[in-house]
1. Which condition number in (1) assigned to a helix (DSSP H, G or I); (2) within 30 Å of B:Asp16 (Cβ to Cβ) is the one that B:Arg124 fails?
2. Of these, A:Leu34, A:Leu59, A:Leu90, A:Leu27, which one is surrounded by 15 or more Cβ atoms within 10 Å (Cβ to Cβ), at pLDDT 95 or above, of a type outside the set (Asp, Glu) and more than 24 Å from A:Gly305 (Cα to Cα)?
3. Considering only residues that are among the hydrophobic types (A, V, I, L, M, F, W, C), within 30 Å of A:His95 (Cα to Cα) and buried (at least 20 other Cβ atoms within 10 Å of the Cβ), which ones fall in the range A:136-160?
4. Going residue by residue through the range A:73-96, is there one that turns out to be part of a helix (DSSP H, G or I) and touching a residue at least 12 places away in the same chain (Cβ under 8 Å)?
5. Could you tell me which of the residues B:Leu204, B:Leu140, B:Leu198, B:Leu192 is in a helix (DSSP H, G or I), crowded, with 17+ Cβ neighbours inside 10 Å and away from chain A (no Cβ under 11 Å)?
6. Taking into account only those residues within the range B:143-156 that are part of a strand (DSSP E or B) and closer than 18 Å to B:Leu189 by Cβ, which is nearest to the other protein chains (Cβ to nearest Cβ)?
7. Only residues that are small (Gly, Ala, Ser) and over 36 Å from the mean Cα position of the chain (by Cα): list them for the range A:146-202, please.
8. Can you tell me which residue in the range B:27-51 is farthest from B:Asp221 (Cα to Cα), limited to those that are surrounded by 14 or more Cβ atoms within 10 Å (Cβ to Cβ) and aliphatic (A, V, I, L, M)?
Amino acid sequence: MTLDTFLTSRTDARPSIDILQPADPFLEAAGESLRRRIFITESTGAGPLCLRPEFTIPLCLARKGEKAGRFAYRGTVFRQGRGEFQQAGLEDLGHAASAERDAQAVRDMAGALAACGLTDITITLGDQAIFERVVAALSLPDGIAARLSRAFGDDASVATQIKALTKPRATGSTEADRLAQAGDAAALEAHIAALMEQAGLPPTAGRRAADIAARAIARAQEAQFTLTAQQGETLRAFLALDTPLSEAGDALAQFADQGGLALGDTLNQFRERASALDGLTVRYRASFGRKLEYYTGVVFEAEAGGQTVAGGGRYDRLCTLLGYDEPTPAVGFSLDLERAEKAGGTP
Amino acid sequence: MTLTIAVPSKGRMKEDTLARFAAAGLPIAPPSDRSYQSQIEGRNDLTVLFLSASEIARELARGTVHLGVTGEDLARESVANADGAMDFLVPLGFGKADVVVAVPAAWVDVETMADLDDVAATFRARTGRRLRVATKYWRLTQSFFASHGVAVYRIVESLGATEGAPAAGSADAIVDITSTGSTIRANALKILKDGVILQSQATLTAAKGAAWDETRRAQVDEVTARLRV
């Protein structure tokens, strides 16, 4: 079976996606840092345009307001530093998230690579949801938990944060700092509102005095928080987990028992997904994640010949970022056909 | 064998450059009428070109001049891989300006880039749009923010009066140059504690891609030695 027949057999349609795309959705969803990695150009009409750097975002935009389904794509993408190369992939849009849907995406990635003749592959899997659950079980202050979750996938940044949390952080000594430390929300808000008025800041555009006061108070409390040695050890032990997926459920359960953490339903779903992937050789690496805001759960990638040839994951937040009215769960993967070919495949 | 040195063609940067070169024993002869070319007085081997500041950075990157006097901020902003294309040889002590990240002073909860990252991460959920940063320093902003892990924000291009953007409602924070910080303070903004992106000044800079040989290297050694004092 060729890659094209495989993708067609697994999907409902292949939406047509233009090469020239509005740049804003990419910058809005992935952030301004994407700008240096794509080919962007000004248009005389509305907003900047870019050469298609990937298919997921335009595909989600093309399916906005349409029925749920599974969609395939194949074509050229353009990136700074690499120039143009071919990608193919599959997106499962609008079906309720489930262990089975996740597993299907991983199996289809392996199937697509097999259709290219690549069967000697190493699949690595991580899970943002498990990490967030571990952090939640440690009952850290919200701001600290959110910051750790955002850093997930960047090992150095997570390690730095854990280290910084082992001692209290310095706090300032201004009037605002004093009010924040005292937790006096009303006085702090009035103080901030006065500063905003003096500065001529529009009171309703952007951050409001109440938002700033609330974060300042939370921040003053968080500055006092320190991670116990045991909590730090628990986080480090979790991030060090690296095991065959078939054994990962038990390893996580044992880890949770030792740390006295309740991983509840998140662990059950993890186990369910792992058994749905029985027969496929997958490694679970607890620290593996993608530092993109819209990834919410499982992430995975495949290596062949020492190169990452495919990757994917669950991105339940992307469609909302792209302006969908309804929450729209989504999971998918993409193949780097240039690297697949270098690894000996025939895409 | 001549060495080409590009210097600013107008304004304060031109005056300061002429004074600095003269003080170093390398007086630049006034160009003849309507010409942009001159030389170090009595030195046929040291050609001087008067160019606009942005042209100097560009010609250094291309290697069409050997040396240039340019602000480090401008060179790093306008050239993709500045360290690969040029050597910043001698800071000249004038044209000093810091490129900084500043936020409204009313943001009492934001002191560091980590704070700004927190605010940026929840900005859209609270306001329906991304945090906007006004600047003309796209490249410096992107790489500095990325090095601090800040990804979700939007740059709003600003070609003047950047420090007024938050009050005008066209941006939430700014990246701009300041020499004393007084304009920043006058606009009720504050510089983040770890928000100094670059301490810039006029710098004698060599183009790595220019045509180099032993004679020219010796000439550069002589010019840098004199200016370094």
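The values are calculated or read from the model by the stated rules, or taken from the named source; none is laboratory data. Just so it is clear, the structure is predicted and the values come from calculations on it, not from any experiment. Neighbour counts are summed over all protein chains in view; Cβ atoms, including those assigned to glycine, are modelled from backbone coordinates with ideal geometry.
1. Failing condition for B:Arg124: (2).
2. After applying the criteria, what remains is A:Leu59.
3. A:Leu148, A:Ala151, A:Phe152
4. No, the range A:73-96 has no match at all.
5. Selected residue: B:Leu140, the only one of B:Leu204, B:Leu140, B:Leu198, B:Leu192 that is in a helix (DSSP H, G or I), crowded, with 17+ Cβ neighbours inside 10 Å and away from chain A (no Cβ under 11 Å).
6. Per the stated criteria, the residue is B:Ile155.
7. A:Ser173, A:Ala182, A:Ala186, A:Ala187, A:Ala190, A:Ala194, A:Ala199, A:Gly200
8. Only one residue tops the list, namely B:Leu51.
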